[in-house]
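Worksheet for the structure shown next.
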Amino acid sequence: MTKAEKRYFRLYAQLQGGSKMYMTLFDLFDRCSSLEEALEAFSRLYPQTQADTTLKYLYSQLLECLLHLRSGEDLQHQLFERISAAAILFERGLYEEAFRALNRAKKQAELHHQDLLALLIRQSELRYLSLRNFGTLDEKRLVGKQIRIIDLIKRIRSKHWHNQLYDILKFRFHHKGYARSERDQQKLNDLLLHELNLVANDRGRTFETEELHALFQATYFLSVGNYPAALRHYRGLIRRFEEDRPEGQRPPLPYRQALEGILNTLLAVGLYDEVPYFAAQLVGGRLDAPEVTLDDVARVYLYRSLALVHAGRLDEAVDWRHRFEERLFRKLHLLGLAIQLRLWLQDAVLWLFVGQLSEARKQMRKILASGKLLHAFPDYRAARLVNLLLLAEAGDYDWVAYEVASFRREIRGEKGQPQYAMEKLLFRFVQAYPLPFDRAACVRLWNRFEPTARQIREDRYERSLLVVCDFPAWMQSRLTAGSLSAILAETLQKALPDPLLTETESDPFLTEPEPDSLPATESH
């Protein structure tokens, strides 16, 4: 819940009579680090009360409160209320008032592209007219109303097909990860052809279908490693949101998807100075705003941390991490599994890169102790690769050999699924442990690895794995005794992004922002 929702719920509870034990439980949830800890604390305070019963009552009160809070803000809720009001008025014989209520709801629904509700309103209008034997309505106007309903159905059907293709693509992207080869790209090309055919035959284009088309194209190009095209589509979509949406009615979900797509693309191509601006846009420029959720805080932290680490600004990344200890990391159990995995993994990489191996292993144990809950996420495979480095650094060479063999068995069992070249190189590296004491021998070993590492950096299918952890930079640092920060910064300087990617204004966040007071954003 946001700060504003928590404050509203406390005010809402004060209006209720009787015992307020459920508010004690609510406060415990806000302070404790897990559900079990909160329930145990509640049982100690009220040993005669069933915690499960109080929990269910708290749930019902929270849901009722949030529905009441949203009733004044949510457009769909307002439209449903007007539809219900029209039904009551019609039943009471106030026919003109009922049709006026429907007409106001219809105009509002069509203004804000609420096609499903607009269809329901128009159908209700026709039903009421039929019950009144159509009154003074002539046949031409009746047919016109019926045609508009048919047009709405066509638009809804078109939007459904666009949604279906985009959801399939999005599912593959989030559950299978980036394309690793031409074969993977060919599987996505089939979806692309279907989507292009749908666009070509869609005669009733709306903002929603164009929005879904842009999201589909951008996600496709991001999946196959065509970062310039992905970034152009995402930026174009952002501009459309700014220009075409009615003021105050920008839908948050597609806008957020476009922002996260831009951030993923910027990280993949190394434009780290651009990241703070778009990360701040996820929360409107202020992390302490009442409507900001814990998930918003997590994503702002994650994208900013990734940018700092890959730019070689490790001291700043550690400072950024400490600022979120209370605000985020003590509440990770409240987040979804996917974002928990990404935060634990980023923590492990950060502590590994700054040499705090015990902290890195602590985060990795959280991932490995999850059983099979996290296995379905693409980042879990990357976490196992980071764990290989930690095992090698700890001198646990038997486990290194076991993990490498396990990886190879799984790859053979994936029905021809290609292996990352980075994975092959990393296996060779960890199997070279213990590293030679002779510095010259280590440098010779790096000279053997370096050509492959350079090819990996130039391969678009490998970039997605390097966004999680810059394995070549770590290997170079260990074998040449060079500063990891310097190596990361030098790698960034050598990378020359496509000129099409740099069509942006200067970054407004040149100074390190405080977690609760990000600078106000400007139009970008």
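Structure data summary
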| read-out | value |
| --- | --- |
| Answer residue from the stretch 453-497, given it is at pLDDT 85 or above and part of a loop (DSSP other than H, G, I, E, B) and is surrounded by the most Cβ atoms within 10 Å (Cβ to Cβ) among those | Cys469 |
| Hey, Val292 under 21 Å from the mean Cα position of the chain (by Cα), crowded, with 16+ Cβ neighbours inside 10 Å, touching a residue at least 12 places away in the same chain (Cβ under 8 Å) and within 12 Å of Phe353 (Cβ to Cβ) or not | no |
| Residue check for Asp347: modelled with pLDDT of 90 or more and closer than 15 Å to Val468 by Cα | yes |
| Enumeration of residues in the stretch 240-258 that are surrounded by fewer than 13 Cβ atoms within 10 Å (Cβ to Cβ) and either part of a helix (DSSP H, G or I) or modelled with pLDDT of 70 or more (or both) | Glu242, Glu243, Asp244, Pro252, Leu253 |
| Some residue of the stretch 190-201 being modelled with pLDDT of 80 or more, more than 23 Å from the chain's Cα centre (by Cα), of a type in the set (S, T, N, Q) and assigned to a helix (DSSP H, G or I) | yes |
| Ser124 vs. criteria farther than 30 Å from Asp379 by Cβ, free of Cβ contacts under 8 Å to residues at least 24 places away in the same chain and either in contact with a Leu (Cβ under 7 Å, 6 or more places away or on another chain) or exposed (fewer than 15 other Cβ atoms within 10 Å of the Cβ) (or both) | no |
| Matching entry among Gln114, Gln76 (being surrounded by fewer than 18 Cβ atoms within 10 Å (Cβ to Cβ) and polar (S, T, N, Q)) | Gln76 |
| Subset of the stretch 147-161 [under 13 Å from His113 (Cα atoms) and of a type in the set (Lys, Arg)] | Arg155, Lys159 |
| Test set (1) within 19 Å of the chain's Cα centre (by Cα); (2) among the polar types (S, T, N, Q); (3) not in a helix (DSSP H, G or I) - Gln346 fails condition number | (3) |
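Every residue, every condition in (1) at pLDDT 85 or above; (2) of a type in the set (Ser, Thr, Tyr); (3) within 17 Å of Arg148 (Cα to Cα), yes or no:
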residue: Glu81; (1), (2), (3): no, no, no
residue: Ala101; (1), (2), (3): yes, no, no
residue: Glu110; (1), (2), (3): no, no, yes
residue: Leu116; (1), (2), (3): yes, no, yes
residue: Arg122; (1), (2), (3): yes, no, yes
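The values are calculated or read from the model by the stated rules, or taken from the named source; none is laboratory data. Every value quoted in this text rests on a predicted model; they were computed, and no experiment measured them. All Cβ positions, glycine included, derive from the backbone under ideal geometry; neighbour counts span all protein chains shown.
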